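Asks: Right, I'll just put the structure down here and ask away after.
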Amino acid sequence: MKLQIEISGRSRQVQIDPGEIPGVWNVRVDGEPVEADARLLRPGVLSLLIDRRSHRVVLDGDSSDPALYLGRERIAYRMEDPRSLRSRRRPTGAEGPAVLKASMPGRVVRVLVEKGQQVAAHQGIVVIEAMKMQNELKSPREGRVADVRAVPGATVASGEILATIE
């Protein structure tokens, strides 16, 4: 599992894979291996051995301001799964044109907007069918539809530009 974790304002890439022994994990932080052993003591409380140093970690369940505690030290963190569509969204206030691309190969089922139309952030723009499922692709930000390249019935490749929002 790959995660993007921001700790005290510093972004770190973390890869976690189960090791051969239960509770022992193969962990890489920014590509560097870290020896880690984790045991769940009770929900929200972990016993961690990191590079042979013992840590008791208490997770604060408040999702609005997540934190973990190492002893008495409170460490704020933010975590995003790179596979999550939410983590791939552009900020809604981004300057310049925003390009909406097909996230997977498929067939355009519907185009929900017209060129020149005003759209809200996260408003549906195009519906693509892939693997017998319909996926609504949404505007990355508020703006005006500058260009619509998607055509109902057309086949699109992953990464193909479907629309541009200004």
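The values are calculated or read from the model by the stated rules, or taken from the named source; none is laboratory data. The shown structure was predicted, so the numbers you read here are calculated from the model rather than taken from an experiment. Neighbour counts run over all protein chains shown; Cβ positions are idealised from the backbone, glycine included.
Asks: Please go through the stretch 139-153 and give me each residue that is assigned to a loop (DSSP other than H, G, I, E, B) and surrounded by 13 or more Cβ atoms within 10 Å (Cβ to Cβ), ordered by number. Spell out how you get there, then give the answer.
Replies: Initial filter on the stretch 139-153 (assigned to a loop (DSSP other than H, G, I, E, B)): 139-142, 149-153.
Listed by number, the residues that qualify are 139, 140, 141, 142, 149, 150.
Asks: State which residue pairs qualify: first residue part of a strand (DSSP E or B) and inside the stretch 33-49, second residue among the small types (Gly, Ala, Ser) and surrounded by 15 or more Cβ atoms within 10 Å (Cβ to Cβ) in any location, beta carbons under 9 Å apart, and separation of 6 or more residues or different chains.
Replies: Correct list of pairs: 46/38; 47/38; 48/36; 48/38; 49/36; 49/38.
Asks: Taking the stretch 1-37 on its own, how many of its residues are surrounded by 14 or more Cβ atoms within 10 Å (Cβ to Cβ) and under 19 Å from residue 73 (Cα atoms)?
Replies: 2
Asks: Among the numbered criteria (1) more than 14 Å from residue 5 (Cβ to Cβ); (2) of a type outside the set (A, V, I, L, M); (3) in a strand (DSSP E or B); (4) modelled with pLDDT of 75 or more, which single criterion is violated by residue 20?
Replies: (3)
Let's see how each residue does on (1) among the polar types (S, T, N, Q); (2) modelled with pLDDT under 75; (3) over 21 Å from the mean Cα position of the chain (by Cα):
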residue: 4; (1), (2), (3): yes, yes, no
residue: 27; (1), (2), (3): no, no, no
residue: 30; (1), (2), (3): no, no, no
residue: 47; (1), (2), (3): yes, no, yes
residue: 67; (1), (2), (3): no, yes, no
residue: 71; (1), (2), (3): no, yes, yes
residue: 97; (1), (2), (3): no, no, yes
residue: 102; (1), (2), (3): no, no, no
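Asks: Hey, residue 85 hits all of (1) surrounded by fewer than 13 Cβ atoms within 10 Å (Cβ to Cβ); (2) modelled with pLDDT of 80 or more but one; which does it fall short on?
Replies: So the condition that residue 85 fails would be (2).
Asks: Moving on. Would you mind stating whether residue 109 is touching a Pro at 6+ places or on another chain (Cβ under 8 Å) and among the hydrophobic types (A, V, I, L, M, F, W, C)? Reasoning before the result, please.
Replies: Working: touching a Pro at 6+ places or on another chain (Cβ under 8 Å): yes; among the hydrophobic types (A, V, I, L, M, F, W, C): yes.
Here the answer is yes, as residue 109 does meet what is asked.
Asks: May I ask you to verify whether residue 51 is more than 30 Å from residue 131 (Cα to Cα) and either among the charged types (D, E, K, R) or at pLDDT below 75 (or both)?
Replies: Values: more than 30 Å from residue 131 (Cα to Cα): yes; either among the charged types (D, E, K, R) or at pLDDT below 75 (or both): yes.
So residue 51 fits the description; yes.
Asks: While we're on this one: Can you pull out every residue in the stretch 119-138 that is modelled with pLDDT under 90 and assigned to a loop (DSSP other than H, G, I, E, B)?
Replies: Across the stretch 119-138, the qualifying residues are 121, 122, 131, 132.
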